[in-house]
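Below you'll find the structure, written out as structure tokens, and then a few comments.
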Amino acid sequence: MDRKTLREKSVELRKKGKTYSEIQKELGIKIPKSTLSCWCRNVPLPLEYGPRINLLNLANCEKGRAVAVVVNRHRREEFLQKLRERNFYLLKKTNKHVLKMLLAMLYICEGSNWSVHRGLVLGNTDPDLINFYIFLLKTCYPDIISHDNLRCRIGCRADQDIKKLEKFWSGVTKIPLEHFNKTIIDPRTAGKPTKKKDYKGVCAISSRSTEIQLELEIIARMLFKNLVEMGP
């Protein structure tokens, strides 16, 4: 196709409201957009051209955002994987003494204080944290703690299905349903729908061992005080 024919066809397509990219595609030739702009400089555009371009720009923006989300998600996963690899060696450093310190720190942050309640009680919404807590208890105190003497209580919102929640947490903790205490419904949530559809309520694990509760609090306080005084 000679240059004159290309120009005529380009002008004809432009009159129909085609963009320069669409003209290139229809002609099957990569004509520089600067050239097309020169050829079509005085071509009158149809009335629907403006709104159509706005829609195309909007679609391209949405496509660009979608691509950016995927790219950012991929970069984030790569970054997180590097962090995992960098710190994986820590798993090889753990022993029963380290696990006991981890348990003490976990309990002092998430557990019930002795001055408020006698006996071990720790509640959280994170299944991984709850499972880790049970693992630490059974590992550090194997002669005292077992699934037989652990109890579970769920705290939930008014619109949640109690039986489904109890079944979910029983599956997570491996604590049988007959060892579940009565679920507590937060009265403040009445008439307020739960926005987070994956919210499973608060799972509280309890045991009557006040001695372990006191020991964990003492270990945590010792770590707070003595390690700080020892310095880095």
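The values are calculated or read from the model by the stated rules, or taken from the named source; none is laboratory data. As the structure is a computational prediction, the values presented were derived from the model and not from experiment. Reconstructed Cβ throughout: ideal geometry from the backbone, glycine too, with neighbour counts over all protein chains shown.
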Original post:
If you go through the range 1-35 one residue at a time, how many are under 21 Å from Leu55 (Cβ atoms) and in a helix (DSSP H, G or I)?
Top reply: 11
Original post:
Quick check: is even one residue across the range 211-228 within 21 Å of Gly119 (Cα to Cα), outside any helix (DSSP H, G or I) and among the polar types (S, T, N, Q)?
Top reply: no
**OP:** Determine whether the range 123-145 contains at least one residue that is assigned by TED's automatic domain parsing to the domain that holds Trp169, touching a strand residue (DSSP E or B) at 6+ places or on another chain (Cβ under 7 Å), farther than 22 Å from Pro176 by Cβ and touching a residue at least 40 places away in the same chain (Cβ under 8 Å).
**Re:** no
Subject >> Selected residue (only one of Lys82, Lys33, Lys92 is surrounded by 11 or more Cβ atoms within 10 Å (Cβ to Cβ) and more than 30 Å from Glu166 (Cα to Cα)) >> reply: Lys33
Original post:
Here are Arg86, Arg76: which of them is farther than 18 Å from Arg221 by Cβ and over 20 Å from the mean Cα position of the chain (by Cα)?
Top reply: Arg86
Subject >> Residues that are of a type in the set (A, V, I, L, M, F, W, C) and either within 22 Å of Phe132 (Cβ to Cβ) or not in a helix (DSSP H, G or I) (or both), drawn from the range 157-176 >> reply: Ala158, Leu165, Phe168, Trp169, Val172, Ile175
**OP:** Return yes when Tyr89 is over 30 Å from Tyr20 (Cα atoms) and assigned by TED's automatic domain parsing to the domain that holds Cys203 and no when it is not.
**Re:** no
Original post:
Do any residues in the range 20-36 that are within 17 Å of Asp2 (Cβ to Cβ) and among the β-branched types (Val, Ile, Thr) have Cβ atoms under 9 Å from those of residues that are assigned to a loop (DSSP other than H, G, I, E, B) and at pLDDT below 85, where the two are at least six apart or on different chains, and which pairs are they?
Top reply: Ile23/Ile31; Ile23/Cys40; Ile29/Met1
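Looking at Leu83, Leu47, which is the one that is part of a loop (DSSP other than H, G, I, E, B) and without any contact (Cβ under 8 Å) to a residue 60 or more places away in the chain? Spell out how you get there, then give the answer.
Working: Leu83 fails: part of a loop (DSSP other than H, G, I, E, B).
After applying the criteria, what remains is Leu47.
Yes/no per residue for (1) closer than 22 Å to Cys109 by Cβ; (2) surrounded by 11 or more Cβ atoms within 10 Å (Cβ to Cβ); (3) in contact with a His (Cβ under 8 Å, 6 or more places away or on another chain):
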site	(1), (2), (3)
Pro127	yes, yes, no
Cys152	yes, yes, yes
Gly155	yes, yes, no
Thr183	no, yes, no
Arg188	no, no, no
Ile218	yes, yes, no
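Yes/no per residue for (1) aliphatic (A, V, I, L, M); (2) farther than 26 Å from Val116 by Cβ:
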position	(1), (2)
Trp169	no, no
Phe180	no, no
Lys197	no, yes
Ala204	yes, no
